[in-house]
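A.B. asks: Here's a structure for you.
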Amino acid sequence: MKKIYTHLTMLLMLAMTATTFSACDWWDDDDEIAYTLEGTWRGDMRINSNYRGTRYYATDTEITFLRDPSRYSSGDGYWVDYYSDAPWDYVANHISWTVNFGDIEIYFREDRTSFTIRNYRLNDNRFTGTLYDNGQYVDFRLYHVSSPNWTRYDHWGYDSWYDDYYYSRQTRSTEGTDKPVRCIGE
């Protein structure tokens, strides 16, 4: 009986060790994804905005992902959608993002909304995949345009969210102070 108990205990310890190692693999994968994601990406996200009953389509989107130095699989940044036929030139938001078990979750601070990116391919030059928002989804295509220049900190702005650099990236509207609502798809 003691021999069976010893064997069962060894099997249980082996199973727990295997589970621990596979859990670490997820964290390592998330860190690697975040490392590759860091930088500025530009392309077609198929974003549109509803504003006062009219839908406007973004011609281009730029997303900057900056990693948090103490939490490697998450960070902050900004998301800018550019328009050519709208009453404004662009819609910009500060974002917080996290890579969680391979999914990229993006939270828009000013809008208090979020998107999830799944089923994607990511390398040093290209980022393609599917953007999800409350049951809606669209495919996107982005290209890597720049990486952080860590030798010059002020290249990426200043310490405060409210300084001149970030303040200049707010939405400009000629028809009032209300902000358009960002949507995905058709």
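A.B. asks: Which of the residues spanning segment 48-80 are in a strand (DSSP E or B), more than 14 Å from the chain's Cα centre (by Cα) and under 24 Å from Pro148 (Cβ atoms)?
C.D. replies: Asp60, Arg71 - these are the residues of segment 48-80 that are in a strand (DSSP E or B), more than 14 Å from the chain's Cα centre (by Cα) and under 24 Å from Pro148 (Cβ atoms).
A.B. asks: Inspect segment 95-104 for any residue being in a loop (DSSP other than H, G, I, E, B) and surrounded by 15 or more Cβ atoms within 10 Å (Cβ to Cβ) and give the result as yes or no.
C.D. replies: The answer is no, given that none of the residues of segment 95-104 is in a loop (DSSP other than H, G, I, E, B) and surrounded by 15 or more Cβ atoms within 10 Å (Cβ to Cβ).
A.B. asks: Across segment 140-168, which residue is nearest to Val181 (Cα to Cα) among those that are open to solvent by 60 Å² or more (accessible area, probe 1.4 Å), at pLDDT below 95 and under 20 Å from the mean Cα position of the chain (by Cα)?
C.D. replies: Selected residue: Trp161.
A.B. asks: Could you please find all residues in segment 117-129 being assigned to a strand (DSSP E or B) and loosely packed, with under 15 Cβ neighbours inside 10 Å?
C.D. replies: Correct list: Arg118, Asn119, Arg121, Arg126.
A.B. asks: Counting only residues that are assigned to a strand (DSSP E or B) and open to solvent by 10 Å² or more (accessible area, probe 1.4 Å), which one in segment 130-139 is nearest to Ala58 (Cα to Cα)?
C.D. replies: Here the residue is Asp139.
The values are calculated or read from the model by the stated rules, or taken from the named source; none is laboratory data. All figures in this text were calculated on a predicted structure; none of them were measured in a lab. When we count neighbours, we look across all protein chains shown, and the Cβ atoms used for this are built from the backbone with ideal geometry, even at glycine. Surface accessibility is based on the protein's heavy atoms, side chains included, excluding ligands, DNA and RNA. Shrake-Rupley method; radii C 1.70, N 1.55, O 1.52, S 1.80 Å.
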